[in-house]
Amino acid sequence: MKTSGRILAQKVQDIQTSGRLSIRSASLPTWCPGCGYFGIHQGLNNAIQQLSLPHHSIVTVTGIGCAGRYAFFNNTYSFHVTHGRTLPVATGVKLANPALTVFAIGGDGDGLAIGGGHLPHMARRNINVNYLLFDNSMYGLTKGQPSPSSPVGTKTKVSPAGTFEMPLNASLLGLSYGTTFAARLFAGDPESITQALIEGIRHEGFSFFHIYTTCLTFDKENKTWEHLKERVHPLPQKYDCSNLSKAMAHILEDDFSTGVIYKKS
Amino acid sequence: MPGVDLTIEICGMSGDGTIAAGTLLNEALSGAGFSIIGFDSYPAEIRGFGRCVTRSRFGTSRMLALSDHTHVLISLDDQQAISRISMLGKNAKVLFDNKPAGTVQEGMSIAAHTAPDADLYGMPFTDLASEAAGTTRGKNLAALGCFTGLAGIDPRFFYTVIEKKFRAKGETVLNANLNSFNAGLTYAHTHFEDAPLVITAPAPEKKKVQRIMLSGNAAIARGALDAGLALYFGYPITPATPIMEYLAKTLPQKGGKVVQMEDEISSIGAVLGSFYAGKRAMTATSGPGLALMAEMISLGVMSETPAVIVDAQRGGPSTGLPTKTEQSDLHAAVFGGPGDSPRIVIAPTDVAECYQFTLKSFELAEKYQTPVIVLTDFFLDNRVENVAAADISGKKRVDGNIYPPKKEQGRYQRYLVTPSGISPRALPGSEGYIYPATGLEHTEAGLPDYSEPVHMQMNAKRHTKIRQALADLPPPKEFSQKGPLDLGVIAWGSSFGAALEAVLKARKKGLAVGALKVISLFPYHEEQIRQFMSRCRRVLIPELNFQGQLANLIGHLHHGDVVRFNRTTGTPLLPSEILLKIQELLQKDNT
Ligand SMILES: Cc1ncc(C[n+]2csc(CCOP(=O)(O)OP(=O)(O)O)c2C)c(N)n1
Ligand code: SF4
Ligand SMILES: [Mg+2]
């Protein structure tokens, strides 16, 4: 017992002195305990650490929603903007100072509904911005309304009879808009998030990270942890991420494979 | 000798070279030393087919507005020009293309339509051009030659500008144009010996003032360039697009970029992002675009991020009257957007001010960390004036940014409450000053906080800051005698010139009237405006909108009568109609 206690204490000290925590802001995340966003937070932080990016050279532009609150939970420059407008603001930041590493972060409502018109043009501009779309198929911050990626029949307070609209597939949209780097990831697997981010941050151009996550507070039936964990799996062993038409065909067939789905060479 | 004050119109079908002729005419008259204000109108909707008109008012004293009447009409296409006859003043001169008998349809010559008092000069523009240059394309130049001959203006002023315009196109083109011009000139000299239309050029200025012919939009673009603009983001819309076109040609040469965005929301978003990261950026739009920007402008207010937005007003509401002039976005510019969101709104009144205040707006945006809206309109954007080169250059570029001191490294508070309301702003990339910027109400550190004291304190901070800006904003300018006035005319934007001209004319008639030019619309110089008003028995506010939006904004500062004079017909206000209103008001007072 004593030994393991000492080991634990040593581990804590190691973490504290390693500087790994310094990327976290002094204000702790206010997300619900168990929210998928914690996993993404960990994945992104590790990528920043592993790439040794100076924190003051990073700008995190975030939208409105639970995902948008990311701006306050990281020790980087951040700009918490209006609902849906991360990508235009990130465009301005990156063009103004290309030396900055720029992240844009928002939810599925932010990026597929109100701000859905910006993704195609961001892809067209192909400016070196890293966009993380937290897809929980739910409006979290406004307490549980369906999002554009909610499956047909989603029941909420504003859709008591279930939704009739077909869900959007963010990854497929990203590919069809001509994104030069696209990854589909899962909040329950921070390690693969880190790996994909490292690759995407290094990519010279727009990088799109479509991240499945869960809103455990408001979603009790669709994208729950159990549901996602059961289905999510890595891309096939021999998957070729340089072939756009194959990538699109794959995405149409498989809703839950994760990894770097396309990288324009 | 009375001063010259004449208005010339050239009218033709698109393809006749109407606009080119108007431009040459303006340049040549400017070279001759006249003051010019010119305003073209082309086919209202899709360009390329229809009537083209250029209107130039020129004279020996400074031209402040358009005039009521045309003194000389040059018709390059009678069918089109017939519609301009209603603009002719008494004893107007009409120069038209005298085609051989039988080639003109019955009733289609302008000669059959003009009033009996008009002087008609039928001159064979087309034939002169084709004889002189082997092509009819130079008929616009032949017409200019005819006019020059009739007016007795030194043709060298035209040679200079023709050379300048056509030199680059090669000797053949240049000569063809010169020959066409000369053919017209000779024709006028030989057929109308004692030049019936003598226009005496002003005596050459003692110190030669270099003048540049410039539109309001070009002046805005040049102001932005001289301010060190790095990035322009925009979405095409009439009448703002020429600013983007001008910058697309010029900004890349200076290492900057022009990016056409997907809409106005993203345009202002990128402008905010750019300023946030420390580079000067701008967007220009019109009412519909300004409406879309409202939420982002208020993000700029809340997050205290600079931005420069040009709102080139057109007729509204909604898509409205895209090619008509109006001053109806004042409320939207000053008040648009969620919450109490004070920002700076300035309205230039002439072309030189378009340059000066655009340039200044970047410094103001940085210093006060706020969106600045430069409010222009279709008339001001598109009119040309020959401004003194000194008025549109040589202005110093001032960095308005206030950076945090070194000692704050490590404990920097982005939204520190200070007496001036201005908190030093660190730029991303600087070590030791990391902070969140946000559109949520926040503490001094930038963290979300909706508590009562914080919101009160921060609202007060943002308003204090904008009030401070008054000291840096152009104050109202008064044009009047000292002492009490029977009437004070207060105007803004492109309408001010007409108001001033009306007031100057009224004063010549012995009336006790004065004019006040209000440039800064928000914040506005309450004290100075009140002082002026307190000397006026009545106040008249003429503006091109239906409600009287400036009157709504500042009318409460006057204890007495505030008379609104509003017109929304899509055309600029004229001095004569304001003068008439002044006389009517003062007459009423006397009876
Ligand atoms: C213009 C505007 N409309 C509506 C809202 C209200 N609103 C805030 S967050 C949000 C949706 C959030 O959902 P999502 O983007 O999926 O983010 P999540 O909370 O799930 O992370 C809405 C509708 C707003 N802030 N601004
Ligand atoms: S409401 Fe949903 S998305 Fe928002 S923090 Fe809670 S679990 Fe996460
Ligand atoms: Mg969501």
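The values are calculated or read from the model by the stated rules, or taken from the named source; none is laboratory data. Here the structure is a predicted model, which means the values were calculated and not measured. Heads up, the Cβs are rebuilt from the backbone with ideal geometry, glycines too, and the neighbour counts pull from every protein chain shown. Areas reflect the complete protein model, heavy atoms only, side chains present, ligands, DNA and RNA absent. Shrake-Rupley method; radii C 1.70, N 1.55, O 1.52, S 1.80 Å.
Taking all protein chains together, B:Arg167, A:Arg184 sort by accessible area into B:Arg167, A:Arg184, largest first [probe 1.4 Å].
The spacing between the range B:409-474 and the range A:139-163, judged by their C-alpha centroids, is 37 Å. Relative to the longest principal axis of the Cα atoms of chain B, helix B:264-276 runs at roughly 60 degrees. Computed from backbone phi with θ = phi - 60° and the Karplus coefficients 6.51, -1.76 and 1.60, the 3J(HN,Hα) list for the range B:464-477 is 4, 4, 5, 5, 4, 4, 3, 4, 9, 9, x, x, x, 10 Hz; x is used for glycine and proline.
The fraction of accessible area contributed by carbon and sulfur in the range B:477-589 is 53 percent, rounded to a whole number (1.4 Å probe; ligands and nucleic acids excluded).
How shielded is A:245-255 by partner chains, expressed as the average number of their Cβ atoms within 10 Å of its Cβ atoms? Don't skip to the answer; put the middle values down first.
Working: counts 0, 0, 0, 0, 0, 0, 0, 0, 0, 0, 0.
Mean inter-chain Cβ contacts per residue within 10 Å come to 0.
Pairs of Cα atoms nearer than 8 Å and 6+ residues apart set the relative contact order; for chain A it is 17 percent.
Suppose every Lys and Arg Cβ carries +1 and every Asp and Glu Cβ carries -1, with no other charges. What dipole size does chain B come out with about its Cα centre, to the nearest 20 debye? Display every interim value, and only then the final one.
Numbers: 59 positive and 58 negative charges, 315 e Å.
So the dipole magnitude of chain B works out to roughly 1520 debye.
A Förster radius of 51 Å, combined with the Cβ-Cβ distance separating B:Arg167 from B:Arg397, puts the computed FRET efficiency at roughly 0.95.
Quick one: which residues, 5 or more positions from A:His80 or on another chain, have an amide H under 5 Å from its amide H? H modelled 1.01 Å from N in the peptide plane, none for Pro or chain starts. Result for A:His80 returns A:Thr62, B:Ala437, B:Thr438, B:Gly439. Measuring against 31 Å, Cα to Cα, the residue pairs B:Lys207/B:Lys508; B:Lys164/B:Lys254; B:Lys407/B:Lys465; A:Lys11/A:Lys238; B:Lys279/B:Lys395 contain A:Lys11/A:Lys238 as the ones spanning a longer distance.
Compute the long axis of helix B:351-368 from its Cα atoms, compare it with the longest principal axis of the Cα atoms of chain B, and write down the angle in degrees, 0 to 90, nearest 10. Helix B:351-368 and the main axis of chain B meet at about 10 degrees.
Of all DSSP bridge pairs formed entirely within the protein assembly as shown, close to 30 percent run antiparallel. Whole-Hz Karplus values for the range B:502-519 come out as 4, 5, 4, 5, 5, 5, 4, 7, x, 7, 8, 10, x, 10, 10, 9, 9, 9 Hz, taken residue by residue from phi with 6.51 cos²θ - 1.76 cosθ + 1.60 and θ = phi - 60°; glycine and proline positions read x. Accessible area of B:Arg564 (1.4 Å probe, protein heavy atoms only, ligands and nucleic acids ignored): about 100 Å².
For B:Gly122, nonlocal amide neighbours, meaning residues 5 or more places apart or on other chains whose placed amide H falls under 5 Å from its own, are B:Phe96. Over the residues of the protein assembly as shown, the helix contribution to mean residue ellipticity at 222 nm works out to -10500 deg cm²/dmol, using -39500 (n - 2.57) for each DSSP H run of at least 4. Straight-line reach from B:Lys517: taking Cα to Cα under 17 Å and skipping same-chain neighbours fewer than 8 places apart, the aspartates and glutamates in range are B:Asp350, B:Glu353, B:Asp377, B:Asp472, B:Glu478, B:Glu501, B:Glu526, B:Glu527, B:Glu543.
Taking the convex hull of the alpha carbon atoms in the range B:5-191, what volume per residue do you get, in Å³?
Working: hull volume 22.7 nm³, N = 187.
In the range B:5-191, the Cα hull volume divided by residue count equals 121 Å³.
Close amide H partners of B:Gly316, meaning residues 5 or more places away or on another chain with modelled amide H under 5 Å apart, are B:Leu321.
Among DSSP beta bridges whose residues both lie in the range B:477-589, state the antiparallel percentage, nearest 5.
Values: 3 of 18 bridges.
Of the beta bridges lying entirely in the range B:477-589, close to 15 percent run antiparallel.
Only aspartates and glutamates eight or more places from B:Lys406 in sequence, or on another chain, were considered; those with a Cα closer than 13 Å are B:Glu431. Across the range B:557-564, coupling constants 3J(HN,Hα) worked out from phi with the 6.51/-1.76/1.60 Karplus curve, θ = phi - 60°, read 6, 9, 7, x, 6, 10, 9, 9 Hz, and Gly and Pro carry x.
Computed with a 1.4 Å probe over protein heavy atoms only, the accessible area of A:Cys32 comes to about 60 Å². Inter-chain Cβ neighbour count for B:263-269, averaged per residue, equals 6 (cutoff 10 Å, partner chain atoms only).
Relative to one another, the C-alpha centroids of the range B:80-119 and the range B:324-394 are positioned 41 Å apart.
Hey, what angle do you get for helix B:241-250 against the long axis of chain B, alpha-carbon based, 0 to 90 degrees rounded to 10? Around 90 degrees separate the two axes. Fully extending the segment from B:Lys477 to B:Ala111, taken as 0.36 nm per residue of separation minus the present Cα-Cα distance, adds 127.1 nm. Using Cβ point charges alone (K and R +1, D and E -1), the dipole size of the protein assembly as shown about the Cα centre works out to roughly 2120 debye.
Given R₀ = 45 Å, FRET efficiency for B:Lys99-B:Arg535 by Cβ-Cβ distance, to 0.05? Walk me through the numbers on the way to the answer.
Values: r = 60 Å, r/R0 = 1.34.
For R0 = 45 Å, the calculated efficiency reads 0.15.
Can you order the peptides A:218-227, A:21-30 by their average number of other Cβ atoms within 10 Å per residue, highest first? Please report the intermediate quantities before stating the final value.
Numbers: A:218-227: 15.9, A:21-30: 13.9.
Most protected by this proxy first, the peptides run A:218-227, A:21-30.
Which one, A:Gly109, A:Ile251, A:His56, projects farthest toward the positive side of the charge dipole computed for chain A from Cβ point charges (K/R +1, D/E -1)? Positive-end residue among those listed: A:His56.
Chains B and A: what accessible area do they bury, summed, in square angstrom to the nearest 100, with a 1.4 Å probe?
Working: alone 24680 and 12650 Å², together 34670 Å².
Using a 1.4 Å probe on protein heavy atoms, the buried area is about 2700 Å².
Solvent exposure of A:Tyr139, expressed as accessible area, is near 60 Å², computed with a probe of 1.4 Å over the protein chains only. For the residues A:Ile198, A:Ile211, A:Ile64, a GNM of chain A with alpha-carbon springs under 10 Å puts the largest fluctuation on A:Ile198.
Highest average first, the peptides B:224-234, B:428-438 ordered by how many other beta carbon atoms sit within 10 Å of their residues are B:224-234, B:428-438. Most simply put, chain B has about 40% antiparallel DSSP beta bridges, counting only bridges with both residues inside it.
Take each residue of peptide B:429-436, count the partner chain Cβ atoms within 10 Å of its Cβ, and average: the result is 6. When the Gaussian network model of chain A links Cα atoms closer than 10 Å, the mean-square fluctuations of A:Ala99, A:Ala47, A:Ala71 top out at A:Ala99.
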